[in-house]
1. Assuming R0 = 22 Å, can you tell me the calculated FRET efficiency for the pair B:ILE319 and B:ALA57, based on Cβ-Cβ distance, to the nearest 0.05?
2. Looking at segment B:130-262 from every direction and averaging, what is the projected area of its Cα convex hull in nm²?
3. Considering amide H positions built from the backbone, and no H for Pro or chain starts, which residues 5 or more places from A:TRP110, or on another chain, come under 5 Å of its amide H?
4. With Rg and the Kirkwood Rh both taken from Cα atoms, where does Rg over Rh land for segment A:328-411?
5. Given the DSSP H assignment, sum -39500 (n - 2.57) over each helix run of at least 4 residues in chain A and divide by its residue total; what's the result at 222 nm in deg cm²/dmol, nearest 500?
6. Would you please give the FRET efficiency between B:LEU71 and B:LEU326, computed as 1/(1 + (r/R0)^6) with r the Cβ-Cβ distance and R0 = 30 Å, to the nearest 0.05?
7. Could you please tell me the mean projected area of the C-alpha convex hull for chain B, averaged over all directions and given in square nanometres to one decimal?
8. Per the 1.4 Å probe, what fraction of the accessible area of segment B:15-168, in percent, lies on carbon and sulfur atoms?
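The values are calculated or read from the model by the stated rules, or taken from the named source; none is laboratory data. Note that the coordinates shown come from a computational prediction; the quantities given were computed from them, not determined experimentally. Here the Cβ is made from the backbone with ideal geometry for all residues, glycine too, and neighbour counts use every protein chain on show. With ligands, DNA and RNA removed, areas are computed over all heavy atoms of the protein, side chains included. Shrake-Rupley method; radii C 1.70, N 1.55, O 1.52, S 1.80 Å.
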Amino acid sequence: MLQLFKFKGGVKPDPKKTPSVQMPIGIAPLPPLLIVPLHQSIGGKPNPLVEAGDRVLKGQLIGGADQWLSSAVHAPTSGTVLAVEERLAAHPSGLPTLSVVIEPDGRDAWIERTPLDYTALEPERVREILRDSGVVGLGGAVFPSHAKLAAAKSVPMDELIINGGECEPFMTCDDILMRERAEGIVLGSGIFRDLLKARRVLVGIEDNKPEAVAAMKAAVEKLGENFEVIAVPTRYPAGGAKQLIRVLTGKEVPASKRSPEMGVQCFNVATAYTAWRAIVHGEPVLSRIVTLTGNVEQPRNWEVLLGTPLKDFVALGKPKSDTDRYLMGGPMMGFELPSLEAPLVKATNCIIAGSPSLFPPPAPEMPCIRCGACADVCPHELQPFEMYWFARARNFGKTQEYNIFDCIECGCCSYVCPSHIPLVQYFRFAKSEIWSREREKNMADAAKARFELRNERDEREKAEKAERLARAAAAKAAVKKAPPESGSEALSGDTSVAVAAAAPLDADAAKKAAIAAAMERARQQRESVQPKNTEGLTVAQRKEIAEIEARRAPLQAEE
Amino acid sequence: MNFTTPPYLTQNVSVQRVMLQVLAALLPGIAIYVWLIGPIILVQIAIATAASLLAEAFMLSLLKKPLGLFLGDGSATVTAWLIALAFPPLAPWWLIVVGALFAIVVAKHLYGGLGQNPFNPAMIAFAVCIVSFPALMSQWPALDRQAGFSEQLALVLGTAPRLDTMSGATPLDALKTALKLGEGNTTVATILADAHNFGYFAGKGWEWVAVAYLLGGLWLWQRRIITWHAPFAFLAGIVLFSGALWLWDPAQFANPVFHLFSGGSMLGAFFIVTDPVSGSTTPRGKLIFGFSAAALAYLIRVFGGYPDGVAFAVLLMNICVPLIDLYTQPPIFGMKSKP
């Protein structure tokens, strides 16, 4: 038996998981409308590849990854694109995001799916396929998985951790997935293992999910793998990647390092499952398992198409009449949805209907009495009350000295605070202030660089203009000296001929021209490095540009 | 929009609950106190509590802070009880009131109120009063000449003259004075053998109050209201320093057990150096804080002019807390094995 390690801190909230695992995974019905946001992962914003009126098939690429750290988005079913427009996102800000609105035709007709033998492919190609299949971390962080599937060059990958911890109360989507689809998870984990060349695969599951542990063990045995399925003590946030890595391997990954540098990598069970579907079945990520629980008549896990409007989804659970809010994610790290008009996305692992009795309004905030309860439960062994003190005083430099960026915002500190201080909010505030200051500084630096470049260019152009005038003057002088027949030729020819003719007469001007040409080449080189603002345009924008160009062409012709 | 923030679950904890548990932990000590000198201590506690709450209400309304929320937090009551228990039980009422007012108005609210005070308010009250009224603060009831409740009440209310025969010194003071008077010819053993003042292992009667504080403190530790660090370091410091001098010259220095159960040792260890607001917050810092406070307390108690040194020791260490905390920050997750 593997020796387990402990992480410091953590809390034990009431799990409240039982109600939603009484029924098997339900298949959510097709909604009348799907709103698929293009930006559903960490990293770049995929470009829309369809426009209003297009017919799409199930699994068709509708948003292409725009850079390496980005992830593709697909049509969850077949139908017609009604619009590509800004729609409300499932985000605490309540801001809109560019989304593809699809009206399903009900046929659910697939694109052609091509199962692949990944062992015959280059690892790089497999990673590309994962990116273009939209495989991202489904634990809630939605980090593009392909970007995590490269081992560090100098450090061998000792352990691949498959995270079935699921420590958030209420949430059971991973639990039920492990119970029902354990083999897919094991097969997906095998793909990850082969890509990372990991020596061992450890599956960590909190010990309050004995059925999931048993199912995973059975699947591992049946498939003849040597994975170790390990029940870890139930203590929030044991399902946090860094905590689970610590418990299973004893390794502590600080914020300043990436886990492959320490020979370990961690994936959520649902991510492994979708990776297997993507590679072996050629099915991109179109749906996910979502727990619908809390103040509802029928708590249950559903397999739901991405883009399903949340109002259609929550209706499946029959919310009770005193429901006053909906949380996305768990009660510890989730957020209150600003509106149910927003669609369900890859990050949506759980929707909890809340009521005043389930989540009572927070008690009034009192001053911090420095009791240190927050420091006792912090899994990253920070001093939250000190960070709070400095965040409140807007002394952000000090918050960084107290390692605010090691905070994973798990909420343990707020959970135990006797003064009911929303500590995590203070830390988010401090972090975002620090980020925005850095952004401002970068922007100021960029503006300065632009200004200097412009000055340089102005001077250069002035010099070039003077040069041209001088050359023209020299050429005129040369023409006057030369016989008239060659002169007319020079006048009718282009400038370069004139220059060529004038050059021997004016050596100084030639030198200047050479310098100007070199500078021009350097400028072009610089420009080719800088991305142009005409790159990465949406279909709509490209169309608009084309229209403008079309309008301009006849006008230019008239001139 | 109604802005809400995660986590949406919280433990059933509050400042009020913390303070109520501290008060509950003081109850065994108070019970022994009542058995020892009678219910007059309850009167003193009532006076201190009333004065503290009035001062708190006054300051809160002056500072326009929500009255109901802060009056109910229990922090002023804890300060009041500690003052009543630290002061001589037959001190005149106004002495307790002066202490309570100073603690709440100056030591607490002028520094910013709950959570902001760098000094322990109860210890400030004790220090201010012992410096200003040394005679009154040194008069402890003589246990063998126990007065009735009405007599005690008259003393507290100031309606009867204070008679020297009715008061005595604390055991610590008695020992120090006897040693001084003996000029090296008497030993600690013979002084402590005097059943008039001394009991089984410390001051007669008072030793049991100290035992009760110890039990209350252990309960607080078991309830995770306090951690073991500061009390352990404080008591260990007392044992270490008193033990060293006792081994060196047992005739002139009392043994560690006597020091542990005399004066403010137990009250200090579990109810004063554990004050989160004015004490150190890191585990190593708490050890340093407790140990240093013990060293100072012992020095003042044995070699200084005051009957006990806990109050001054704690206040001196309160000043050092920001420095201690700064230099004892524990390493964070993932940063422990830095070469």
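1. About 0.15, to the nearest 0.05.
2. 10.4 nm²
3. Distant-sequence amide H within range of A:TRP110: A:LYS58.
4. That ratio equals 1.04.
5. Here the helix-only value at 222 nm equals -12500 deg cm²/dmol.
6. That pair, B:LEU71 with B:LEU326, gives E of 0.30.
7. 21.1 nm²
8. 73 percent
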